[in-house]
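I have placed the structure first, in the form of structure tokens, so that the comments after it can refer back to it.
The values are calculated or read from the model by the stated rules, or taken from the named source; none is laboratory data. A quick note: this is a predicted structure, and the numbers were derived from the prediction, not measured. Glycine also receives a Cβ, built like all others from the backbone with ideal geometry; neighbour counts cover every protein chain displayed.
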Amino acid sequence: MTIPNFDAINVGDEIPSFTTEPVSRLTLALYATGSGDHHPLHLDQDYVRSKGMKDVFAHGMLGMAYLGRLLTQWVPQEAIRTFGVRFTAITWVGESMVCTGKVVEKLEQNGEKCVRLELTCANEQGEAKHKADAVVALA
Amino acid sequence: MLIDKKHIGMKVPPHSVTPTAWQLKWFAKATGETNPIYFDEAAAKKAGMPGVLVPPTFFFCMDMDKDEPFDYIATMGCDFGKMLHGEQIFTYHKPVYSGDTLDFDGQVTDIYDKKNGALQFIVKDVKVSRQGEAVCDLRTVIVIRA
């Protein structure tokens, strides 16, 4: 994988997007194993119903991991300088996550040519679940 | 009730984590990762890496990998049932691989509220190092609902 050239990138450019498979109970069980987060809100339907909720829902950090993949499919991971996310809505079982990103700023930071990206993880109806921001160093 | 701001500056008990290729394989499977440098040790070594590459958000999982990851919230007297993960920010310095031993050193750096205390925010900053060398900084913002 090569790092894109700073001069070839413009504000407004979109990076390659993807849509995940629908988040399933299996996805959440796998994420619990991989992440170590076994909170019953994500795994145990009896527990969530006792708390007055309709169903289990995805770990917020699963959506951030999808956005991390969006970045590392575009640039090698060592090019990422900062990566931050705000969790704005719950992702329910059955929703597919549409992961998109675009360049919003070109900047120099610590002597490096960088771009700032806005990334969004949304469902297929366009409801944003996570809004993220990343600074990536380019060639 | 508003959280006492005297807790700003509270140190979180430090801990160390050595990420394993086994756990990273499950993390990759869960997140739909297809690049083998994230789950196949042989592929990572072929790419010149000493182990499987730790992906960008896995630092959060390692920060939580301790007996009482929210002990600092409990010390403030907050109800876990009203706790939400509001924001997560990473700053990266060096790549990290399976087999590296990482030290996590954190403290509460801010407490503030919005909407007349209906939402309170607790900011925890953690520095992650490998043999004294900074590899990553995490900022976790926890929201407590009234």
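Considering the range A:94-106, the residues that are buried (at least 17 other Cβ atoms within 10 Å of the Cβ) and more than 14 Å from chain B (Cβ to nearest Cβ) include one that is farthest from A:Ile15 (Cα to Cα), namely A:Glu95.
Determine if the range B:79-100 includes at least one residue that is out of contact with any Lys or Arg (no Cβ under 9 Å at 6 or more places or on another chain) and part of a helix (DSSP H, G or I). For the range B:79-100, residues out of contact with any Lys or Arg (no Cβ under 9 Å at 6 or more places or on another chain) and part of a helix (DSSP H, G or I): present. Each residue in the range A:39-61 was checked for being more than 21 Å from the chain's Cα centre (by Cα) and either among the acidic types (Asp, Glu) or facing chain B (nearest Cβ under 10 Å) (or both), and 4 pass.
Of the strands (runs of 3 or more DSSP E) lying entirely inside the range B:101-146, those containing at least 3 residues that are under 20 Å from A:Arg81 (Cβ atoms) are B:119-130, B:133-145.
In this structure, is B:Phe59 within 14 Å of chain A (Cβ to nearest Cβ), in contact with a Cys (Cβ under 6 Å, 6 or more places away or on another chain) and in a helix (DSSP H, G or I)? Working first, answer last.
Values: within 14 Å of chain A (Cβ to nearest Cβ): yes; in contact with a Cys (Cβ under 6 Å, 6 or more places away or on another chain): yes; in a helix (DSSP H, G or I): yes.
Yes.
Can you tell me which residue within the range A:67-80, out of those that are outside any loop (DSSP other than H, G, I, E, B) and without any contact (Cβ under 8 Å) to a residue 60 or more places away in the chain, is farthest from the other protein chains (Cβ to nearest Cβ)?
The residue in question is A:Leu70.
Specify which of the listed residues (B:Thr91, B:Thr34, B:Thr101) is within 14 Å of chain A (Cβ to nearest Cβ) and either at pLDDT below 95 or over 30 Å from B:Arg145 (Cα atoms) (or both). Just one listed residue meets the conditions, B:Thr34.
Does B:Lys29 qualify as being surrounded by 15 or more Cβ atoms within 10 Å (Cβ to Cβ) and free of Cβ contacts under 8 Å to residues at least 40 places away in the same chain?
Values: surrounded by 15 or more Cβ atoms within 10 Å (Cβ to Cβ): yes; free of Cβ contacts under 8 Å to residues at least 40 places away in the same chain: yes.
Judged against the criteria, B:Lys29 is a match.
Within the range B:62-88, can you find the residues that are under 15 Å from A:Gly36 (Cβ atoms), at the interface with chain A (Cβ under 10 Å from one of its Cβ atoms) and hydrophobic (A, V, I, L, M, F, W, C)? Passing the criteria: B:Met62, B:Met64. Of the set (1) facing another protein chain (nearest Cβ under 10 Å); (2) in contact (Cβ under 8 Å) with a residue 40 or more places away in the chain; (3) more than 24 Å from B:Gly81 (Cα to Cα), all apply to A:Met64 but (3). A single member of A:Thr33, A:Thr2 is part of a loop (DSSP other than H, G, I, E, B) and either under 28 Å from A:Gln77 (Cβ atoms) or in contact with a strand residue (DSSP E or B) (Cβ under 9 Å, 6 or more places away or on another chain) (or both), and it is A:Thr2. All told, A:Glu124 falls short of being of a type in the set (Asp, Glu), farther than 23 Å from A:Met53 by Cβ and either surrounded by fewer than 19 Cβ atoms within 10 Å (Cβ to Cβ) or touching a strand residue (DSSP E or B) at 6+ places or on another chain (Cβ under 6 Å) (or both). In the range A:81-91, the qualifying residues are those that are within 7 Å of another protein chain (Cβ to nearest Cβ) and touching a Lys or Arg at 6+ places or on another chain (Cβ under 8 Å), and the one that is farthest from A:Ile9 (Cα to Cα) is A:Phe87.
For (1) within 13 Å of chain B (Cβ to nearest Cβ); (2) surrounded by 13 or more Cβ atoms within 10 Å (Cβ to Cβ); (3) at pLDDT 95 or above, each residue gets a yes or a no:
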residue: A:Phe6; (1), (2), (3): no, yes, yes
residue: A:Asp13; (1), (2), (3): no, yes, yes
residue: A:Pro16; (1), (2), (3): no, no, yes
residue: A:Glu21; (1), (2), (3): yes, no, yes
residue: A:Leu26; (1), (2), (3): yes, no, yes
residue: A:Ala32; (1), (2), (3): yes, yes, yes
residue: A:Asp37; (1), (2), (3): yes, yes, no
